[in-house]
Every structure is written in C-alpha cells, then in structure tokens.
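**Student:** Okay, here's the structure, questions in a sec.
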Amino acid sequence: MPLVSRSKQRSSTDKRLESVEVCAGAGGLALGLEQAGFDPVLLLDNFEAPCKTLSLNRPTWNVQQMDLLEFDPSSDNRRLYDVDLLSAGLPRVQGSATINRSRGSDVELELLRATTWLVPGMQPRALLVENLSELVEKDKYAEAREEVEKELEHLGYDVRWFVVDASDYGVSQERPHGVLVAFKGGAGDKFRMPPVLPPPPSVGEVLRKSMASRGWPQADDWAAQANQLAPTLVGGSWERGGPDLGPSGSKRRWATMGVNGGTIADLPPGSDFRWQPEAGPAGMVKLTVEQAALLQGFPVHWQLSGGKTSRYRQVGNATPPPVGRALGQAIREVLDAT
C-alpha cells in the first residue's frame, strides 16, 4: 500500500503533533516537547535505565531500547514516515558509550550523523538536535557541521545552527546548548528564536523546601548563601566513575554556595546535620539526585529508574524540559504556519 503524506491529512485546527525521538535518555526533551504539543510515536535509547524511566513516567509511550546505528525506520514506516518532528538529545559527555562505535570517531559526531541518516527514510517535517554548545561554536566540529548541513540541504531542508542557555528559559542553571533545527520545503525562514524569559530563581530558592524536608534547621541560612544559578550539571560517562557535580571549576562554584560538589547524597540533610562550610567539604551540604533533577527543570513528580549513579547520570545528561518546551514551541509555530 503506498504511503500517504500525513501533512496532507492534517488540518490547521489539529492541536497535537507527532514526534520520534532518538537518544531519549531520561525524557527531558520529550517532556518539554510534550508540553509544546508533540506526542511521541517512538522513543529510542540504548540503555535500560533511561528506557525504564520513560516507561515509568509515561506508560503509554512506545519506548524501545536499541542502538541508534541498528535502528531502521523503514521497519515501521507507516507510523514514522512524514512524522512532524524527529528529535535527538545527544549525550553531553565526550567519549560516552551511547552507541557501539566501529569507526573510532567522537561519539557525538557519530550520533549526529546517525540521526541525519534517518531523515531520508522518515522525511520529518522538522528536525531538532540538541548537544553541547561546542558542536555549534568550535572549529573542530566545522567539518561535521558542513557535512550534516550539506546532506540536509540536499534533501530539501533549511538548516539553522544556534546556541541557547537554559537559564534563559526558566532553568536555575548556567547550561549552554548547541542546537540544530531544520525544516522541510523552505519553511526555515519562518523560524524565530524562542523568546527569553525573566531570570530564573536561585539554587537556594529552588531547593530550600527540599533541604528543610527532614527538619534541617539551617536550610534558610543555606538558601540565603546559595543565591546564584547552578553551574552546568554533568552526568558523566556511563562506563566509569561515581556521581559528582562536575569538573573542578564547577566544584569550586558549588563550594561558594556551601555545597560539596564531590559527591551526591542519598537524602537531604537531617535535623542533626551541622552546616560549617568554612570547615571544608565535610561541613558542606550535599545535593541529592532529586535535587539535581529540580535544578535541571524536571517536575518534582518525575521518577528516575536505577541506582544513584545511574539516576544522576540520567539527570546530568538530560535536556532540561523547559529548554525542550521553548524549542518545541518555536518549531511548532513554523509547522502550524505551513
């Protein structure tokens, strides 16, 4: 039976659009896109824990655990062909093993190319790829950007590269994102950057209630000192190391807020914890995975599957949902107008 373009079947009054997402992770991008009016027909990730997280929070979503390089969209082309949006929140840590590599290249670039290779068989109306800002800004990625852009333009897509910061969209974190958007059939001229929102609350404002949840009497004092935005949360590689709040520069920033960035706590501080940041890491408060998720913009009810290290890595590698929502709304405006 011949494929029928779904864009011909839709009317301008339809309220929900459909998406396919690869490298879905803990669902930050998918959740934001859902809030922007996109319902996923398929979410793909290579790891078990993120797939369980997705299914735990959205049991009706179609989640598949699969290596991106092994994914063949033609196996389900009646649902995936001419989908409104193909999205990818690529892992933010160089050298991570989100796919099984055979050519020894940077995994981010291989994932970017693999996502691009899906476009001919799916023909999405729009493409969204999110990753480190370096993907857009650094000369080392210039050849890859040119290769991807050339391929997409050959397929009839308008391509835009840009950088946004999560703090401009309500996330209490300084977190730059490199973004690729592409639109089929010359629609790219209609794309407008998401409008910047008012400054987000500080770390202390976001986490004060959580810090006080077990009777810690110094929660207000700590919140007053934690009066800035968080540095970028880093999930780390899936293969090595335990959870912490990032590289040495980030740990120094956390120390100015009285936070020990070298580890992750199981629970918020109890009533007997004595906060003495001047005494060094032992006297500083530690963040929990759930608190890190709040700083990443996840709602408090979003559940994470797996052990502490796995859950933290899912958070640190996720696209903040408010960023996904802002990008999704900007893409939705283009699609609604075409």
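Every number here is computed from the coordinates shown, using simple stated rules; none is lab data. Treat the numbers as computed from the prediction; the structure is a model and nothing was measured. As a convention, Cβ positions derive from the backbone with ideal geometry for all residues, glycine included, and neighbour counts pool all protein chains shown.
**Student:** Looking at (1) aliphatic (A, V, I, L, M); (2) touching a residue at least 60 places away in the same chain (Cβ under 8 Å); (3) farther than 29 Å from HIS177 by Cα, which is the only condition LEU304 fails?
**Tutor:** Answer for LEU304: the failing condition is (3).
**Student:** Yes or no: region 293-300 includes at least one residue that is free of Cβ contacts under 8 Å to residues at least 60 places away in the same chain and farther than 23 Å from GLU130 by Cβ.
**Tutor:** There is at least one residue in region 293-300 that is free of Cβ contacts under 8 Å to residues at least 60 places away in the same chain and farther than 23 Å from GLU130 by Cβ.
**Student:** Would you tally the residues in region 271-291 being assigned to a loop (DSSP other than H, G, I, E, B) and among the polar types (S, T, N, Q)?
**Tutor:** The total comes to 2.
**Student:** GLY25: over 19 Å from THR115 (Cα atoms) and either in contact with a Lys or Arg (Cβ under 9 Å, 6 or more places away or on another chain) or not in a helix (DSSP H, G or I) (or both), yes or no?
**Tutor:** Considered against the rule, which asks whether it is over 19 Å from THR115 (Cα atoms) and either in contact with a Lys or Arg (Cβ under 9 Å, 6 or more places away or on another chain) or not in a helix (DSSP H, G or I) (or both), GLY25 comes out as no.
**Student:** Here is a follow-up. Take the residues in region 51-89 that are of a type in the set (Val, Ile, Thr) and over 17 Å from VAL129 (Cα atoms), then tell me which one is farthest from the chain's Cα centre (by Cα).
**Tutor:** Quick first cut of region 51-89, residues of a type in the set (Val, Ile, Thr) only: 53, 60, 63, 83.
Pick out the ones that are also over 17 Å from VAL129 (Cα atoms) and you get 53, 60, 63.
On the way: THR53: 14, THR60: 21, VAL63: 17 Å.
Residue satisfying both the conditions and the ranking: THR60.
**Student:** Name the single residue that is surrounded by the most Cβ atoms within 10 Å (Cβ to Cβ) among those in region 292-338 being among the small types (Gly, Ala, Ser) and in a helix (DSSP H, G or I). Write out each step before concluding.
**Tutor:** Quick first cut of region 292-338, residues among the small types (Gly, Ala, Ser) only: 292-293, 297, 305-307, 310, 316, 318, 324, 326, 328, 330, 337.
Next, from what is left, pick out any that are in a helix (DSSP H, G or I): 292-293, 310, 316, 324, 326, 328, 330.
Numbers: ALA292: 23, ALA293: 26, SER310: 22, GLY316: 25, GLY324: 30, ALA326: 25, GLY328: 27, ALA330: 19.
Ranking the candidates gives GLY324 first.
**Student:** Here are TRP222, TRP216, TRP254: which of them is surrounded by 14 or more Cβ atoms within 10 Å (Cβ to Cβ) and farther than 30 Å from HIS177 by Cα? Reasoning before the result, please.
**Tutor:** Details: TRP222 fails: farther than 30 Å from HIS177 by Cα; TRP254 fails: farther than 30 Å from HIS177 by Cα.
Result: TRP216 is the single residue among TRP222, TRP216, TRP254 that is surrounded by 14 or more Cβ atoms within 10 Å (Cβ to Cβ) and farther than 30 Å from HIS177 by Cα.
**Student:** Say whether the condition of being closer than 30 Å to PRO268 by Cβ and either touching a residue at least 12 places away in the same chain (Cβ under 8 Å) or surrounded by 14 or more Cβ atoms within 10 Å (Cβ to Cβ) (or both) is met by at least one residue in region 177-190. First the steps, then the outcome.
**Tutor:** Applying the first criterion (closer than 30 Å to PRO268 by Cβ) to region 177-190 yields 177.
Now narrow it down to the ones that are either touching a residue at least 12 places away in the same chain (Cβ under 8 Å) or surrounded by 14 or more Cβ atoms within 10 Å (Cβ to Cβ) (or both): 177.
Yes, that holds for at least one residue.
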